[in-house]
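Worksheet: one structure, shown below.
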Amino acid sequence: MHFLVAFSKVMCYINLYNNKTEVVHMLKQKALTKQLTATLCTTTNTLFIHNNKTVQKAANVYTANSKKVIHNLTVQQQTAFNSLQNMFMQKAKNFVVNTLAMQTLLK
């Protein structure tokens, strides 16, 4: 029993830290527009586009409450997702929509 507990803690440590320098997150959220948020699940390589009023935590994103789901993202779509602005910028007055990234993601 103690071996399993110790083993699970080591596995969590390995999953959370990549090369002991950066934290690896399975869910990443970026602002698509002022009302839409894009959530990337890195384990399944799936992008969920949803309304930021209905879903505020990344852990609560499902296929049922998403406006659009994109499976198996290409390298171009992943690059476009990484170029989007962070979530806290949605509340800024001068939020600029990255139309090129949005067109690439919504192909």
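The values are calculated or read from the model by the stated rules, or taken from the named source; none is laboratory data. What you are looking at is a predicted structure, and each value in this text was computed from that prediction instead of being measured. Neighbour counts run over all protein chains shown; Cβ positions are idealised from the backbone, glycine included.
For Lys57, the conditions (1) at pLDDT 85 or above; (2) closer than 26 Å to Val96 by Cβ; (3) loosely packed, with under 11 Cβ neighbours inside 10 Å are fulfilled apart from (1). For Asn45, the criteria (1) at negative phi; (2) in contact (Cβ under 8 Å) with a residue 24 or more places away in the chain hold in every case but one, which is (1). Quick check: anything in region 66-87 part of a strand (DSSP E or B), crowded, with 18+ Cβ neighbours inside 10 Å and of a type in the set (Lys, Arg)? The answer is no, given that none of the residues of region 66-87 is part of a strand (DSSP E or B), crowded, with 18+ Cβ neighbours inside 10 Å and of a type in the set (Lys, Arg). Of the residues making up region 88-105, those that are surrounded by 10 or more Cβ atoms within 10 Å (Cβ to Cβ) and within 14 Å of Thr37 (Cβ to Cβ) are Met89, Gln90, Lys91, Phe95, Val97, Asn98, Ala101, Met102, Leu105.
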